[in-house]
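Structure record follows, encoded as structure tokens.
The values are calculated or read from the model by the stated rules, or taken from the named source; none is laboratory data. None of these values were measured; they are calculated from a predicted model. Here the Cβ is made from the backbone with ideal geometry for all residues, glycine too, and neighbour counts use every protein chain on show.
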Amino acid sequence: LLAAGADVRFLARGAHLDAMRTIGLRIESPKGNVHLPRVEATDDPAAIGPSDVVFFTVKLYDSESAIGALKPLLGPHTVVIPFQNGVESVGMLTRAIGADHTAGGTAYITAVVAQPGLIRHTVMDSLFVGETDGRPTARLERLVGACRSAGFQATRSDDIGVDIWTKFVRLSVFSGMTAVTRCPIGPIVSDPALFAMLYGALNEAYAVARASGIAVSPSIVAEDAVRKAYAAMAPQAKSSMLQDLERGRRLELPWLSGAVVRLGERLGVPTPTHRFITAVLMPHVRGSAQGSLA
């Protein structure tokens, strides 16, 4: 968005903020590399002030503290859109800042902070946004137009709740399976036993979604379609949770496979595969002091 001419400010912290202030922001991507030598970055929300749109993109374990920093960014017409994993962000924001300031969002993208000031993007580049009541609004139409002008896919959704849950069903499986096996997706899909485990996890997450009253399409668990979808992915694709695990960072496990288990218990839906994934990865959920599990 910034490269396309939008007025973008970054709220960051630590070494990443220091790098953005001194050398700017670099993005490495199959779609083309970008270097923005000068960006507006700060750790003080008051220095930014009321904004039209706030992309809420912190890791899920930082959500509560980040919500507490939103107040200076809110003007009468500000909309905050969470692009996070899991299915609980919209509810958290609505309770904290009100429904008028909250919309839903979900992103299909795999990218990590490879080092301070450097974002490494590997696959996918699409966003879905929508008002929580499904109505079309000018504020989201403007945002979608700006995103498309910047060269990435953006869609306004009439049922963003379904879109968020659809991603959650898929991502909880992709994240959980790649992290628990320490493998990219290719070896998992090509191994019959591991694919069967993946497919079982997918059906568990889907069952939790349906039991929650979310109309996720049954096509998401159609076996032939599932095989084709995973076969179309780059074999070396790793989830961000696997990359966090490899780097000794904290994991979003409690809001992914852990959430499937937690919601399944509440709704009476068995989730044995996600329970196994959660149990195996839980010792690493707070990260590693050594910074690596190699």
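Looking only at residues in region 101-114 that are hydroxyl-bearing (Ser, Thr, Tyr) and modelled with pLDDT of 95 or more, which one is surrounded by the most Cβ atoms within 10 Å (Cβ to Cβ)?
My answer is 106.
I'd like the full set of residues that are part of a loop (DSSP other than H, G, I, E, B) and loosely packed, with under 14 Cβ neighbours inside 10 Å, limited to region 14-42.
Passing the criteria: 30, 31, 32, 33, 37, 38.
Inside region 170-237, counting only helices (runs of 4 or more DSSP H) that do not spill past its ends, which hold 1 or more residues that are of a type in the set (Lys, Arg)?
192-211, 223-231
Could you check region 100-118 and list, in sequence order, the residues that are touching a Leu at 6+ places or on another chain (Cβ under 7 Å) and under 26 Å from residue 37 (Cβ atoms)?
107, 117
Would you mind finding the one in 129, 58, 80, 90 that is surrounded by 14 or more Cβ atoms within 10 Å (Cβ to Cβ) and touching a residue at least 60 places away in the same chain (Cβ under 8 Å)?
Just one listed residue meets the conditions, 90.
Please specify each residue of region 135-189 satisfying the condition of being among the acidic types (Asp, Glu) and within 16 Å of residue 216 (Cβ to Cβ).
Residues satisfying the conditions are 158, 159, 163.
Restrict the check to region 216-226 and report whether at least one residue is out of contact with any Leu (no Cβ under 9 Å at 6 or more places or on another chain), touching a residue at least 60 places away in the same chain (Cβ under 8 Å) and either over 23 Å from residue 266 (Cα atoms) or not assigned by TED's automatic domain parsing to the domain that holds residue 105 (or both).
No, the conditions are met nowhere in region 216-226.
From 98, 117, 130, 134, which residue is outside the structural domain of residue 233 (by TED's automatic domain parsing), small (Gly, Ala, Ser), within 18 Å of the chain's Cα centre (by Cα) and at pLDDT 95 or above?
130
So which of 60, 70, 74 ends up being hydrophobic (A, V, I, L, M, F, W, C) and within 26 Å of residue 24 (Cβ to Cβ)?
Result: 70 is the single residue among 60, 70, 74 that is hydrophobic (A, V, I, L, M, F, W, C) and within 26 Å of residue 24 (Cβ to Cβ).
Of the numbered conditions (1) surrounded by fewer than 20 Cβ atoms within 10 Å (Cβ to Cβ); (2) assigned to a helix (DSSP H, G or I); (3) not assigned by TED's automatic domain parsing to the domain that holds residue 242, residue 143 fails exactly one; give the number of that condition.
Exception for residue 143: condition (1).
Can you tell me which residue within region 262-277, out of those that are part of a helix (DSSP H, G or I) and in contact (Cβ under 8 Å) with a residue 40 or more places away in the chain, is farthest from residue 252 (Cα to Cα)?
Filtering first and then ranking leaves 267.
Only residues in region 5-19 that are without any contact (Cβ under 8 Å) to a residue 24 or more places away in the chain count as the first member; pair them with residues that are of a type in the set (S, T, N, Q) and outside any helix (DSSP H, G or I), Cβ under 6 angstrom, at least 6 apart or cross-chain, and list the lot.
Matching pairs, first to second residue: none at all.
Does residue 212 meet the test of being out of contact with any Pro (no Cβ under 6 Å at 6 or more places or on another chain), under 20 Å from residue 266 (Cβ atoms) and small (Gly, Ala, Ser)?
Judged against the criteria, residue 212 is a match.
A quick yes/no check of all residues on (1) within 19 Å of residue 59 (Cα to Cα); (2) surrounded by 15 or more Cβ atoms within 10 Å (Cβ to Cβ); (3) touching an Asp or Glu at 6+ places or on another chain (Cβ under 7 Å):
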{"residue": "229", "(1), (2), (3)": "no, no, no"}
{"residue": "238", "(1), (2), (3)": "yes, yes, no"}
{"residue": "249", "(1), (2), (3)": "yes, yes, no"}
{"residue": "257", "(1), (2), (3)": "yes, yes, no"}
{"residue": "261", "(1), (2), (3)": "no, yes, no"}
{"residue": "268", "(1), (2), (3)": "no, no, no"}
{"residue": "277", "(1), (2), (3)": "no, yes, no"}
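So, in region 67-89, how many residues would count as being among the β-branched types (Val, Ile, Thr) and either out of contact with any helix residue (DSSP H, G or I) (no Cβ under 7 Å at 6 or more places or on another chain) or within 20 Å of residue 253 (Cβ to Cβ) (or both)?
Number of matching residues: 2.
Name the residue, out of 219, 257, 190, 212, that is closer than 17 Å to residue 280 by Cα and at pLDDT 95 or above.
Among 219, 257, 190, 212, only 257 is closer than 17 Å to residue 280 by Cα and at pLDDT 95 or above.
If you take the residues of region 101-114 that are among the polar types (S, T, N, Q) and under 17 Å from residue 63 (Cβ atoms), which of them is farthest from the chain's Cα centre (by Cα)?
102
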